[in-house]
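Below is one structure, written out as structure tokens, with a few remarks after it.
Readers should treat all values here as calculations from the given coordinates under stated rules, not as data from a laboratory. What you see is a predicted model, and the numbers here were worked out from it, not measured in a lab. Using ideal geometry, Cβ is built from the backbone for each residue, glycine included, and neighbour counts are taken over all protein chains shown.
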Amino acid sequence: MTKWQNRLMVGTHWIGQIQSYVKEVFWVIKHWSNRIAGSGSNGQSLRDFVCLFLVGASLSVAIAACSGSTSATKPDVKLNLVSFSVTQAAHDRIIPKFVEKWKKEHGQNVIFEQSYGASGTQAEAVIKGSQEADVVHLALPLDINKIQQAGLIEKNWESKAPKSSIVTRSVAAIVTREGNPKGINTWTDLTKDGVKVIVANPKTSGIAIWEFLAFWGAVTQTGGDETQAQTFTTNVYKNVPVLAPSARDASDLFFQQGKGDVLINYENEVFLAEQNGQKLPYVVPNVNISIDNPVAVVDKNVEKHGTKEVAEAFVDFLYSTEAQREFAKLGYRPVNPAVLEEVAKNYPPIQTFFTAHDLGGWDLLQNRFFNDGAIFDKIWTASKA
């Protein structure tokens, strides 16, 4: 059936409904007319008033009924979510709840198209247009800044959602082999001779940038200077045999392929592995970085797709108690204060908790550490010399 045939059938249906309402209106009018007939001029006026009132009220009901029913026939809307690799398990739980809520409130189905991968790679795909994201949930604000600088997201995107658009948080965890045979308990232990450390690549992965900043901040945020931080970080990368493209790839190297003695990963990834029956020995260092994961609507794309309303509603929903509880169940540290209070006891306490802002902010961090030829490139080259 063509869309025009479908519209014709819908139109014919509602014409029949309106005809039915009109018949009922005139039956009521006739009934009331008979009851007040013979009452003189006052009866005539009353009869006229009742007739007009009943016509107006009945037609209003008919129109409202038709309008309400036609809203239920809204076409499906597609929403393209582009996110970093480790969020899929959480979104798989949250998206059906949002779809149900939107359907109930708006009478419309939302169909999600989802893509997961290394955060930096995902950002580049959105910039190049191979991923026409309506919403991005990425590993770090730096990646959304790049999309904004490409003209796809409006400036000051951080102010468009609660908590400066940070929707999930985590910290860095050190995962070891069973029994921790190399005795890895602190950041400093990563520099021991003979220890192989599995990490990701800051050029493609969000976790890799957080890892690097955790190493650097473990020195500078505890009284060390930047020369000491660079020496320490170089010594850690000397023990890194290969840079994985993403957090998930690093996990696969460690768990599936048996590479390395220690894996640096998101706390929530370790939590998820435990839920899946894989008990992991791990340490959450008490000097740690707040791993802040932002969300944003891609303004240019939602205007193109006509999805702004549903995209903004989905972002808002991610901050709801319902959604934040789902994030918490998978080991994320919630940003919703009420949910955080509910689950705070589930997380190891952090003694020295620092942020990217404490290290200078994202513009400085990008230019100083992660641009081509910047400090990370120098450290990686020196570590392999």
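Numerical summary
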{"item": "Hull-based mean projected area of the range 124-200, where the convex hull spans the alpha carbons, in square nanometres", "result": "7.9 nm²"}
{"item": "Lysine pairs with alpha-carbon atoms under 22 Å apart, the range 119-215, spacing 8 or more or separate chains", "result": "10"}
{"item": "Rg to Rh quotient for the range 244-385, alpha carbon positions, Kirkwood Rh", "result": "1.01"}
{"item": "Pairwise Cα inverse-distance average, inverted: Kirkwood Rh of the range 317-357 (Å)", "result": "11.0 Å"}
{"item": "For the range 195-321, alpha-carbon Rg relative to the globular expectation (2.2 N^0.38 Å, N residues)", "result": "1.31"}
{"item": "Cross-link partners of Lys103 among aspartates and glutamates (Cα-Cα below 15 Å; sequence separation of 8 or more within a chain)", "result": "Asp76, Glu309"}
{"item": "Filtered trypsin sites (Lys or Arg not before Pro), the range 84-180: DSSP coil and at most 10 other beta carbons within 10 Å", "result": "Lys155"}
{"item": "Aspartates and glutamates with Cα under 19 Å of Lys238, excluding same-chain neighbours fewer than 8 positions away", "result": "Asp189, Asp193, Glu211, Glu226, Asp261, Asp377"}
{"item": "Under 21 Å from the Cα of Lys97 - lysines, other chains or at least 8 residues apart", "result": "Lys74, Lys78, Lys308, Lys329"}
{"item": "Rounded Å value of the spacing that divides the Cα centres of the range 197-224 and the range 248-291", "result": "15 Å"}
